[in-house]
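A short write-up of the structure that comes next.
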Amino acid sequence: MIERIGYLWPEIVLFIGACLTMVIGLSPNADMRKQTGLIAGVSLLIAAALGLATPAAPTWAILPGIMPFAKPLIALVGLLLLLVNIGSVDRDEEAAIAAGKPFNPLRVTGAEFYAFFLFSLMGAMLCATAGDLIWLFLALELTSLPTYVMVVLSGRGKKGFDRSQEAGVKYFFLGALGAGIFLYGFALLYGGTGTTQFVEIAQHFAAHGMNPIATVGLVLALVGVSFKIAAVPMHFYTADVYQGSSGGVAAFLAFVPKTAGMISILLLVSTVGWAAGQGSLPPAIESLLWALAVLTMTVGNVLALLQSSLKRMLAYSSIAHSGYMLVGVIAGPGDGSFVSSGIAAVLFYLLCYGVMSTGVFAVLASLERKSGGEAVEVESLDDIKGLCRSHPWLGWSMVICMLSLLGFPPILGFFGKVPLFTSALGAGHVVLVVILALNSAIAAFYYLRVVAGVMIDPESDSGVRDTGVPARVIAAVISGVLVLGLSVFGNVFMGSGEKAAEVRRFVGQSDEHDTDSVPLDEHSEAAEDEHHAVSH
Amino acid sequence: MLATLATVDVKSYLPLGILIGMAVTFAVANVVMSKMIGPSRDGPSKGIAYESGMNPVGTARKRFNVRFYLIAMVFLLFDIEVIFLYPWATTFPNLEAGTSEGLVWLGRILFFLLTTIVAYLYGFRKGVFRFD
């Protein structure tokens, strides 16, 4: 356990950053308080650099290469999310203090907000480091608990705060339910295999095959974790919570818990599937994931069609994207190359999704309109009509990110989706691929509606204007540029995604305490040797 | 399903089954037996709220100052700190003597204690310790 500290430097840096923001954010000096965002940004940058340098292939990891990919990804998208979230809290309070109101530490929440922001990202990174069930549970909870508070804190004005409180309470209770379900699943998994270590669980399955208790445990664990990725049937909170929180926090919710949940699902299914020496998942788990993926894609896309609120639409679209990623999980590692590995596809898609969804939410967070004397965030498509003319930078970023979310050919989202298709086809899931393609077609309708509204329609007269926080506009533009840039230079990340998706396989042995493992490419040879030995 | 169930070591769950059985028996037996052999007398003084033998005063829906909860949470910090100090303290004497291991372990626990101090600093700045 102790030697794992060497893999934890990015998390430690984020932790120190969070401690600093917590104390400095409550300074009576306004200039000091303004530094919290800077501290968070610097610690994220350092964490990204340290994450890139994480040594790969430790013996306790079930996906040995995932850390050097996932940690910088979380830190760098976290940096974008930080830009979107600048000014999410305390904007009115700070303005009042600058105008002469006395400083009251109980009314200022920037310290908590940025500290929780870093804690949640740290939790997502810890999920990638997880080597056993208890660690994974703690990491998932560390990802989620701060987000409940962030949702509540993000409300602005009296009405906004009422709505964010409601969203936070809903999110908290449903999150606790999800946590209860997967914790119960973890307990049964432990009961069925006698160990909490992923590697030992995989060895147990390799030696003895599945047993019913472990199967039930795994099903519960997957269903519980699907709350984090907002997969149907655990998706009910999504639209309400995204709508109730500010644009920046909604962007955060769309990426961070989803990444943590997706990484957890990859670790869990790797343990039972390919790591246990099988080509694919056991039938029970595969059919569960199949149903989850199909329902998630379809329900997400169909309900997104019916929304008039942009944030609700994006919430359902985020559900649909979770469904797309589950297709990659079902496809499995294939022969390890980028086009055939579903795991690499999921990891690369997380990168694409993180950038493009942050871009869309950043545009929404950059705009506001007056409603009853209070500035409120833009809500409906009517508000952002003609955005390309009134706010060209924001408008074109929106168009690029929306087309990317749709998977329009030469843009990033397309290159994210192709490996999902090819890996699922390679694994023989033709029906799933057809459903995925149909869903992409349904999704075109609501994404193109926004694109057309932003590009073609005349400017709206609802008095939409910039929020006056330049960081958010910068975040939107950076996302747009990144989407275009990654469309051209994405192959670099495809290569690292392929490396991150390397799986370990344990040959079926009667001695479950044997810790020998055979890397992917040697597996077939070893099996062949064994075969020869038997036949001679 | 049943065939595979047989491969699970059911015997290892036997103590758990006995424990659940005892818990259920104890609960049911208490209710049934007090119903059967207990004298059933009722009255106004039996109907009042139980306040550890005192006469109850005032309403139960009284509001407490939120600081009670803040203090309670600060106190929890001590609890957590002590819980983590115990395993550290029992492991420390078993470290190999003459190596740098002891220093490393000391550094780790000091880092942990430092984080608790950060929590107090946060509480202090938030005004938890200010009574007015």
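The values are calculated or read from the model by the stated rules, or taken from the named source; none is laboratory data. Since this is a predicted model, take the numbers as computed values, not measurements. So basically every Cβ, Gly included, is an ideal-geometry build from the backbone, and we count neighbours across all protein chains shown.
Run B:GLY107 past the list (1) assigned to a helix (DSSP H, G or I); (2) away from chain A (no Cβ under 13 Å); (3) of a type outside the set (A, V, I, L, M, F, W, C) and report the number of the one that doesn't hold.
Result: B:GLY107 fails condition (2) only.
Out of (1) under 30 Å from B:GLY123 (Cβ atoms); (2) at pLDDT 80 or above, what's the single condition that is false for B:ARG67?
Result: B:ARG67 fails condition (2) only.
Quick check on my filter: what residues within segment A:95-111 are surrounded by fewer than 21 Cβ atoms within 10 Å (Cβ to Cβ) and in contact (Cβ under 8 Å) with a residue 24 or more places away in the chain?
As a first pass, look at segment A:95-111 and keep what is surrounded by fewer than 21 Cβ atoms within 10 Å (Cβ to Cβ): A:95-107.
Scanning segment A:95-111 gives A:ILE97, A:ALA98, A:PHE103, A:PRO105.
If a residue must be part of a helix (DSSP H, G or I), away from every other protein chain (no Cβ under 14 Å) and not aromatic (Phe, Trp, Tyr), how many such residues does segment A:5-53 contain?
The initial filter retains those residues of segment A:5-53 that are part of a helix (DSSP H, G or I), namely A:5-7, A:9-24, A:30-33, A:36-52.
Restricting the remaining residues to those that are away from every other protein chain (no Cβ under 14 Å) gives A:7, A:10, A:30-31, A:37-38, A:40-52.
When the remaining residues are screened for being not aromatic (Phe, Trp, Tyr), the result is A:10, A:30-31, A:37-38, A:40-52.
The total comes to 18.
Counting only residues that are surrounded by fewer than 20 Cβ atoms within 10 Å (Cβ to Cβ) and either free of Cβ contacts under 8 Å to residues at least 12 places away in the same chain or closer than 21 Å to A:GLU141 by Cβ (or both), how many does segment A:161-180 have?
Final tally of qualifying residues: 11.
Would you mention how many residues in segment A:269-297 are assigned to a helix (DSSP H, G or I), surrounded by fewer than 19 Cβ atoms within 10 Å (Cβ to Cβ) and touching a Gly at 6+ places or on another chain (Cβ under 8 Å)?
The number of residues fulfilling the criteria is 1.
Any residue that is more than 22 Å from A:THR21 (Cβ to Cβ), under 25 Å from the mean Cα position of the chain (by Cα), within 14 Å of chain A (Cβ to nearest Cβ) and not in a loop (DSSP other than H, G, I, E, B) - is there at least one of those in segment B:91-100?
Quick first cut of segment B:91-100, residues more than 22 Å from A:THR21 (Cβ to Cβ) only: B:91-100.
Now restrict to residues that are under 25 Å from the mean Cα position of the chain (by Cα): B:91.
Now restrict to residues that are within 14 Å of chain A (Cβ to nearest Cβ): B:91.
If we keep only those that are not in a loop (DSSP other than H, G, I, E, B) too, we end up with B:91.
Yes, some residue in segment B:91-100 is more than 22 Å from A:THR21 (Cβ to Cβ), under 25 Å from the mean Cα position of the chain (by Cα), within 14 Å of chain A (Cβ to nearest Cβ) and not in a loop (DSSP other than H, G, I, E, B).
Has segment A:75-94 got any residue that is surrounded by fewer than 20 Cβ atoms within 10 Å (Cβ to Cβ), more than 14 Å from every other protein chain (Cβ to nearest Cβ) and free of Cβ contacts under 8 Å to residues at least 24 places away in the same chain?
Within segment A:75-94 (the criterion being surrounded by fewer than 20 Cβ atoms within 10 Å (Cβ to Cβ), more than 14 Å from every other protein chain (Cβ to nearest Cβ) and free of Cβ contacts under 8 Å to residues at least 24 places away in the same chain), the answer is yes, since at least one residue qualifies.
Does A:ILE411 fit the bill of being touching a residue at least 12 places away in the same chain (Cβ under 8 Å) and farther than 21 Å from A:VAL294 by Cα?
On the way: touching a residue at least 12 places away in the same chain (Cβ under 8 Å): yes; farther than 21 Å from A:VAL294 by Cα: yes.
Against the criterion (touching a residue at least 12 places away in the same chain (Cβ under 8 Å) and farther than 21 Å from A:VAL294 by Cα), A:ILE411 qualifies.
Yes or no: segment A:127-138 includes at least one residue that is part of a helix (DSSP H, G or I) and within 14 Å of chain B (Cβ to nearest Cβ). Reasoning before the result, please.
Taking segment A:127-138 first, the residues part of a helix (DSSP H, G or I) are A:127-129, A:133-138.
Keeping just the survivors that are within 14 Å of chain B (Cβ to nearest Cβ) gives A:138.
So far as segment A:127-138 goes, yes, one or more of its residues are part of a helix (DSSP H, G or I) and within 14 Å of chain B (Cβ to nearest Cβ).
Does B:ASP79 satisfy being at pLDDT below 85, at negative phi, among the acidic types (Asp, Glu) and exposed (fewer than 10 other Cβ atoms within 10 Å of the Cβ)?
Values: at pLDDT below 85: no; at negative phi: yes; among the acidic types (Asp, Glu): yes; exposed (fewer than 10 other Cβ atoms within 10 Å of the Cβ): yes.
The answer is no for B:ASP79.
Identify, by number, the condition in (1) assigned to a helix (DSSP H, G or I); (2) within 14 Å of chain B (Cβ to nearest Cβ) that A:VAL108 doesn't meet.
All conditions are met except number (1).
Which of the residues belonging to segment B:110-132 are among the charged types (D, E, K, R) and at the interface with chain A (Cβ under 10 Å from one of its Cβ atoms)?
Just the residues of segment B:110-132 that are among the charged types (D, E, K, R), to begin with: B:125-126, B:130, B:132.
Once the filter is applied, which keeps residues that are among the charged types (D, E, K, R) and at the interface with chain A (Cβ under 10 Å from one of its Cβ atoms), segment B:110-132 yields B:ARG125, B:LYS126, B:ARG130.
Restrict the check to segment A:510-524 and report whether at least one residue is out of contact with any Leu (no Cβ under 8 Å at 6 or more places or on another chain), part of a helix (DSSP H, G or I), among the charged types (D, E, K, R) and at pLDDT below 85.
Checking segment A:510-524: at least one residue is out of contact with any Leu (no Cβ under 8 Å at 6 or more places or on another chain), part of a helix (DSSP H, G or I), among the charged types (D, E, K, R) and at pLDDT below 85.
This table checks each residue for (1) of a type in the set (D, E, K, R); (2) assigned to a loop (DSSP other than H, G, I, E, B); (3) within 30 Å of B:GLY127 (Cα to Cα).
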site	(1), (2), (3)
B:PHE26	no, no, no
B:ALA29	no, no, no
B:MET33	no, no, no
B:MET36	no, no, no
B:PRO39	no, yes, no
B:SER45	no, no, no
B:GLY58	no, yes, no
B:LYS62	yes, yes, yes
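Looking at this structure, is A:MET210 touching a residue at least 24 places away in the same chain (Cβ under 8 Å) and in contact with a Pro (Cβ under 7 Å, 6 or more places away or on another chain)?
Values: touching a residue at least 24 places away in the same chain (Cβ under 8 Å): yes; in contact with a Pro (Cβ under 7 Å, 6 or more places away or on another chain): yes.
The answer is yes for A:MET210.
Does at least one position in segment A:333-345 carry a residue that is in contact with a Ser or Thr (Cβ under 6 Å, 6 or more places away or on another chain), under 23 Å from A:GLY78 (Cα atoms) and at pLDDT below 95?
yes
Just a yes or no: is a residue in segment B:111-118 without any contact (Cβ under 8 Å) to a residue 24 or more places away in the chain and farther than 26 Å from A:GLY6 by Cβ? First the steps, then the outcome.
First, pick out the residues of segment B:111-118 that are without any contact (Cβ under 8 Å) to a residue 24 or more places away in the chain: B:111, B:114-115, B:117-118.
From the residues that got through so far, the ones that are farther than 26 Å from A:GLY6 by Cβ too are none.
Looking for residues that are without any contact (Cβ under 8 Å) to a residue 24 or more places away in the chain and farther than 26 Å from A:GLY6 by Cβ, one finds none in segment B:111-118, hence no.
Does segment A:489-507 contain any residue that is under 19 Å from A:SER357 (Cα atoms), of a type in the set (Ser, Thr, Tyr) and at pLDDT 85 or above?
no
Do you know which residues across segment A:353-384 are part of a loop (DSSP other than H, G, I, E, B) and surrounded by 24 or more Cβ atoms within 10 Å (Cβ to Cβ)? It would help to see each step written out before you state the result.
Initially, segment A:353-384 is screened for residues part of a loop (DSSP other than H, G, I, E, B), giving A:372-373, A:378-379.
Within segment A:353-384, A:VAL378 is the sole residue that qualifies.
Within segment A:456-479, is even one residue within 26 Å of A:VAL302 (Cα to Cα) and modelled with pLDDT of 70 or more?
Restricting attention to segment A:456-479, the residues satisfying the condition of being within 26 Å of A:VAL302 (Cα to Cα) are A:456-457.
If we keep only those that are modelled with pLDDT of 70 or more too, we end up with A:456-457.
Checked against the condition, which is being within 26 Å of A:VAL302 (Cα to Cα) and modelled with pLDDT of 70 or more, segment A:456-479 yields at least one hit.
Quick one: is B:LEU5 surrounded by 10 or more Cβ atoms within 10 Å (Cβ to Cβ) and modelled with pLDDT of 80 or more? Quick ask: steps written out before the conclusion?
Details: surrounded by 10 or more Cβ atoms within 10 Å (Cβ to Cβ): yes; modelled with pLDDT of 80 or more: no.
No; evaluated as a whole, the condition is false for this residue.
With respect to A:CYS388, determine if the residue is in a helix (DSSP H, G or I) and either under 24 Å from A:SER440 (Cα atoms) or within 16 Å of the chain's Cα centre (by Cα) (or both).
no
Please give the helices (runs of 4 or more DSSP H) falling wholly within segment A:152-268 in which 2 or more residues are more than 14 Å from chain B (Cβ to nearest Cβ) and among the charged types (D, E, K, R). Full working, then the answer.
On the way: elements: A:157-193, A:198-208, A:212-225, A:238-244.
So the answer is A:157-193.
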